Each structure stands twice: as structure tokens, then as C-alpha cells.
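Shown next, in C-alpha cells, is the structure this report addresses.
The values are calculated or read from the model by the stated rules, or taken from the named source; none is laboratory data. Treat the numbers as computed from the prediction; the structure is a model and nothing was measured. Reconstructed Cβ throughout: ideal geometry from the backbone, glycine too, with neighbour counts over all protein chains shown.
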Amino acid sequence: MATDKTDDEVLRAYLLGRLAPESRDAVEKRIFSDDRIFWERLCLVEEELVDEQVRGELDGEDDARFERDFLCTNERRAKVELARALRDYSERRQESRRSAWDWLRAPVAAPTWALAVGATVLLAFPAVWRLAGARGPQAEATAWLSPGLVRDVGGELTRVTLPPGCQIVHLRLDPGSAELPTYRATLHEVAGDELWSQGKLHAVAVDGRPAVTVDLPCALLRANDYYVRLEGVSPDAPAEPLDRYDFRVLRR
């Protein structure tokens, strides 16, 4: 079976419980075989379904099947909760930016000179503006992670400090010399248990450096050691293992 649009439609029907028993058995044989390409297609279709459901784009029948047949494992339910948390965070952030801009434009009873001074302070000291936002309920944290650090060689782990009220943390992964169409990342605890995965990631320039950015809810990370595994994904080819990125989470 070639990995094309028809396969995606079959896998979508499989995940939503719409396949006949004989077709479902054929799909499951492929899933449990050594066909990594087919497995990657399944993961991508699964992520697309989660995105559509969270955005409210599934029709009534598919939405009901999603709730009944797709959400049958703890891992899938966790993926949906993560996707909803990221969506809610993004919406709150946009609303906060709109509210701040509306406040600056709104008519006030204070003298004109007072408003001008306030605007000047914000423009002259953008760090104060950013710090005020970071202390609110939508605080963020960002950390650059480099590959190649293995614990048994005694290297020092990158520290990722999460502030109080942290909502989301951006992990910038250095992909090195790899230039691939998309990437897939999986988050693991130090013991090796997989906590989260995400595909369709891209390497883009951040501060003049290429980075694959992984966005995680801070609530997912307790004070502990973790690592991220990065894979490169090319069309019609097995996923290519790239690097491991170790880090330690600290909470204030």
C-alpha cells in the first residue's frame, strides 16, 4: 500500500471506527509490522484529527466517533488535552494583546500630558512591559537546547527554570546541519517514559540561528530531568533519528 492520500483516508476512517472488520484487520497488520512509513502516516493523521477536533472542524458524526472511538487510550486523551491547552493559551495571549492596545487607545479622564508620559515610559522601557507580562497568568519561558549531551559522561545539563504562573515553555532545538522538510519531536522523562509527541515541526531562524521550536504547557513539566528526541521526516521515507536533547526543569 503506497503512502498517499488514499492511505490517509483509510487511516482516518480506521481511527474514527468507520472501517469494516476485514479492512480494520488489514490496517492493524500494517501497523504492527516493520513498516515505519505507514506508522508515521498513522501518527500524522492522528495529529490532524486532534487539531480538527480542537478547532471544532469535525462534523457531527465524526465528532461523535472521535469522542467514542478515538479517545479510547490515555495517550490520545492526553494529546487532546495538550492541544486544547495550547489553543487556549494562544487565544488568551491574543486577547491580552488586543486588550492592551484597546487600553492605550481608549479615551481617559486623565490629562493629555499624563497619557503621553505613560506611553513614553512604555516605549522607552520595553523590558518593563515584557516583565509585567511575564509576571501575569500567561508567563512564558524559553530555553535553547543543544544536542549531544549524554548524562553518563558527566556533562552539565541545561537548566530550564519555570517562573510562577508559567503557562508555556518554548524549547529551541538546534537541528545542527540537518535540513529536512519537517521534524518530529518526542518528550521523555529521564526514566524513558514518553510524555508527549508532536510532528509537522519546521526549522526556522530565531535570533540568527536555525531552531526547531517545541511548545509545551508548563503544567506538563514538574521539577525533574527530561530529554527530547528529534527525528527528521521526509516524504515517502522512514523517519530519520537525529539527536537527543537533555535538560533539567527547575521551578521557582
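Among the residues of segment 214-242, count how many are polar (S, T, N, Q) and either touching a Cys at 6+ places or on another chain (Cβ under 6 Å) or part of a loop (DSSP other than H, G, I, E, B) (or both).
First pass over segment 214-242, keeping only residues polar (S, T, N, Q): 224, 234.
Checking the rest, the ones that are also either touching a Cys at 6+ places or on another chain (Cβ under 6 Å) or part of a loop (DSSP other than H, G, I, E, B) (or both) come to 234.
Total satisfying the criteria: 1.
Residue pairs, Cβ under 6 Å, 6 or more apart or interchain, first in segment 1-23 and acidic (Asp, Glu), second at pLDDT below 80 and loosely packed, with under 13 Cβ neighbours inside 10 Å. List them.
none
Scan segment 65-81 and report the pairs whose first residue is under 12 Å from Glu47 (Cα atoms) and whose second residue is in a helix (DSSP H, G or I) and among the β-branched types (Val, Ile, Thr), with Cβ atoms within less than 9 Å and a gap of 6+ or a chain change.
Phe70/Val50; Phe70/Val80; Arg76/Val50; Lys79/Val50; Val80/Val50; Val80/Val54
Given (1) at pLDDT 70 or above; (2) surrounded by 13 or more Cβ atoms within 10 Å (Cβ to Cβ), identify the lone condition not met by Leu122.
(1)
Every residue in segment 158-183 that is outside any strand (DSSP E or B) and within 17 Å of the chain's Cα centre (by Cα), please. First the steps, then the outcome.
Of segment 158-183, the ones outside any strand (DSSP E or B) are 163-165, 174-181.
Passing the criteria: Asp174, Pro175.
State all residues of segment 5-46 that are surrounded by 17 or more Cβ atoms within 10 Å (Cβ to Cβ), closer than 20 Å to Val80 by Cβ and more than 21 Å from the chain's Cα centre (by Cα); if no residue qualifies, say none.
Leu11, Arg12, Ala13, Tyr14, Leu15, Leu16
Read through the list (1) more than 22 Å from Ala78 (Cβ to Cβ); (2) among the β-branched types (Val, Ile, Thr); (3) surrounded by 14 or more Cβ atoms within 10 Å (Cβ to Cβ), then give the number of the only condition that Thr186 fails.
The single condition Thr186 does not satisfy is (1).
Could you please let me know if Leu49 is within 17 Å of the chain's Cα centre (by Cα) and either without any contact (Cβ under 8 Å) to a residue 40 or more places away in the chain or not in a helix (DSSP H, G or I) (or both)?
Working: within 17 Å of the chain's Cα centre (by Cα): yes; either without any contact (Cβ under 8 Å) to a residue 40 or more places away in the chain or not in a helix (DSSP H, G or I) (or both): yes.
Spelling it out, Leu49 is indeed within 17 Å of the chain's Cα centre (by Cα) and either without any contact (Cβ under 8 Å) to a residue 40 or more places away in the chain or not in a helix (DSSP H, G or I) (or both).
Under 7 Å between Cβ atoms, at least 6 apart or on separate chains: pull out the pairs that start in segment 185-203 with a residue that is farther than 19 Å from Val45 by Cα and end on any residue that is among the polar types (S, T, N, Q).
Glu189/Asn224; Val190/Asn224; Glu194/Thr186
Could you check segment 43-80 and list, in sequence order, the residues that are of a type in the set (D, E, K, R) and under 19 Å from Val27 (Cβ atoms)?
Taking segment 43-80 as the starting set, the residues that turn out to be of a type in the set (D, E, K, R) are 46-48, 51-52, 55, 57, 59, 61-63, 65, 67-69, 75-77, 79.
Answer for segment 43-80, where residues must be of a type in the set (D, E, K, R) and under 19 Å from Val27 (Cβ atoms): Glu46, Glu47, Glu48, Asp62, Arg65, Arg68, Asp69, Glu75, Arg76.
Any residue at all in segment 236-246 that's farther than 28 Å from Asp7 by Cβ, in the same structural domain as Leu145 (by TED's automatic domain parsing), touching a residue at least 40 places away in the same chain (Cβ under 8 Å) and among the acidic types (Asp, Glu)?
Within segment 236-246, the first condition is being farther than 28 Å from Asp7 by Cβ, and the residues that meet it are 243-246.
Narrowing the set further to residues that are in the same structural domain as Leu145 (by TED's automatic domain parsing) leaves 243-246.
Then drop every residue that is not touching a residue at least 40 places away in the same chain (Cβ under 8 Å), which leaves 243-246.
From the residues that got through so far, the ones that are among the acidic types (Asp, Glu) too are 243, 246.
Yes: segment 236-246 contains one or more residues that are farther than 28 Å from Asp7 by Cβ, in the same structural domain as Leu145 (by TED's automatic domain parsing), touching a residue at least 40 places away in the same chain (Cβ under 8 Å) and among the acidic types (Asp, Glu).
If Asp59 passes every condition in (1) closer than 20 Å to Thr182 by Cβ; (2) exposed (fewer than 14 other Cβ atoms within 10 Å of the Cβ) but one, which one does it miss?
(1)
Restricting attention to segment 189-225, report how many residues are crowded, with 18+ Cβ neighbours inside 10 Å and hydrophobic (A, V, I, L, M, F, W, C). Write out each step before concluding.
Within segment 189-225, the subset crowded, with 18+ Cβ neighbours inside 10 Å is 196-199, 201, 203, 211-212, 214, 216-218, 221.
Retained after the next criterion (residues that are hydrophobic (A, V, I, L, M, F, W, C)): 196, 201, 203, 211-212, 214, 216, 218, 221.
Residues flagged as crowded, with 18+ Cβ neighbours inside 10 Å and hydrophobic (A, V, I, L, M, F, W, C) within segment 189-225 amount to 9.
Quickly run through segment 184-213 and pick out the residues that are among the β-branched types (Val, Ile, Thr) and either in contact with a Ser or Thr (Cβ under 8 Å, 6 or more places away or on another chain) or assigned to a strand (DSSP E or B) (or both).
Thr186, Val204, Val206, Val212, Thr213 - these are the residues of segment 184-213 that are among the β-branched types (Val, Ile, Thr) and either in contact with a Ser or Thr (Cβ under 8 Å, 6 or more places away or on another chain) or assigned to a strand (DSSP E or B) (or both).
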